[in-house]
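Let me begin by handing over the structure; questions about it come next.
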Amino acid sequence: MELAWTNALTGHLYGGEAAVTASPTDTWQLNAGYGVLFQEVRGPLAASRILARKPPQHQVVLRSSHALTRTVGVGLQIRYVDAIEAVPSYLAADVHIAYRLTERLELSFVGQNLIDDQHPEQAVTPTAVTSEVPRGIYSKLSWRF
């Protein structure tokens, strides 16, 4: 027996993205970004429901980074991602604190997804293992050479 695989879907994606950067001072930078994406997919109902899951329609990112001193920097990011099939919209926040020990050595402390303890970012599918993205707190030592 031979199985023929075909793509019975047709579709179009269209959207746009805008980004703005501002520097209120020499040591402080603000970034904002917005993306919108529309998807139109047509095809057999079963294939459309399983294979044509829609991406988030709206996404917003706000970032602030500030060099407090020559050796200490702080960054904050807040992002909003619109709901998708079987996954509610979510708001997430990340914090990054960096301490430059020497010109080549930096110690960082990072907190990710600080608003809730975990959230899904994709719907459960029969062909993929899915999990929720947890809150994360870690430190990092970077050596640049």
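The values are calculated or read from the model by the stated rules, or taken from the named source; none is laboratory data. This one's a predicted model, so the numbers in the text were calculated from it and none came from an experiment. A quick note on method: Cβ atoms are made from the backbone with ideal geometry, for glycine too, and the neighbour counts reach across all protein chains shown.
Examine the range 87-107 for a residue that is surrounded by fewer than 16 Cβ atoms within 10 Å (Cβ to Cβ), under 27 Å from Leu9 (Cβ atoms) and free of Cβ contacts under 8 Å to residues at least 60 places away in the same chain, and state whether such a residue exists.
The answer is yes, given that some residue of the range 87-107 is surrounded by fewer than 16 Cβ atoms within 10 Å (Cβ to Cβ), under 27 Å from Leu9 (Cβ atoms) and free of Cβ contacts under 8 Å to residues at least 60 places away in the same chain.
Given the criterion in a strand (DSSP E or B), hydroxyl-bearing (Ser, Thr, Tyr), free of Cβ contacts under 8 Å to residues at least 12 places away in the same chain and on the phi < 0 side of the Ramachandran plot, identify the matching residue among Thr6, Thr21, Thr69.
Numbers: Thr6 fails: in a strand (DSSP E or B); Thr69 fails: in a strand (DSSP E or B).
Every option except Thr21 fails the conditions.
Could you figure out which of (1) closer than 27 Å to Glu17 by Cβ; (2) at pLDDT 80 or above isn't true of Glu103?
(1)
May I pose another question? Would you check if Phe38 is assigned to a strand (DSSP E or B), among the aromatic types (Phe, Trp, Tyr), surrounded by 12 or more Cβ atoms within 10 Å (Cβ to Cβ) and modelled with pLDDT under 95?
Criteria met by Phe38.
For residues that are over 28 Å from Phe145 (Cβ atoms) and either under 19 Å from the mean Cα position of the chain (by Cα) or among the aromatic types (Phe, Trp, Tyr) (or both), tally how many sit in the range 100-128. Lay out the reasoning, then the answer.
The first filter runs over the range 100-128 and keeps only residues over 28 Å from Phe145 (Cβ atoms), leaving 113-128.
Keeping just the survivors that are either under 19 Å from the mean Cα position of the chain (by Cα) or among the aromatic types (Phe, Trp, Tyr) (or both) gives 113-124.
Residues meeting the conditions: 12.
What about Val74, is it within 23 Å of Gln118 (Cβ to Cβ), surrounded by 13 or more Cβ atoms within 10 Å (Cβ to Cβ) and touching a strand residue (DSSP E or B) at 6+ places or on another chain (Cβ under 7 Å)?
no
Has the range 54-65 got at least one residue that is small (Gly, Ala, Ser) and surrounded by 15 or more Cβ atoms within 10 Å (Cβ to Cβ)?
Within the range 54-65, one or more residues are small (Gly, Ala, Ser) and surrounded by 15 or more Cβ atoms within 10 Å (Cβ to Cβ).
Taking into account only those residues within the range 41-65 that are farther than 14 Å from Ile78 by Cα and of a type in the set (D, E, K, R), which is modelled with the lowest pLDDT?
Going through the qualifying residues, I end up with Arg49.
Every residue in the range 110-124 that is surrounded by 14 or more Cβ atoms within 10 Å (Cβ to Cβ) and either within 22 Å of Lys140 (Cα to Cα) or at pLDDT 80 or above (or both), please.
Once the filter is applied, which keeps residues that are surrounded by 14 or more Cβ atoms within 10 Å (Cβ to Cβ) and either within 22 Å of Lys140 (Cα to Cα) or at pLDDT 80 or above (or both), the range 110-124 yields Val110, Gly111, Gln112, Asn113, Leu114, Asp116, His119, Pro120, Glu121.
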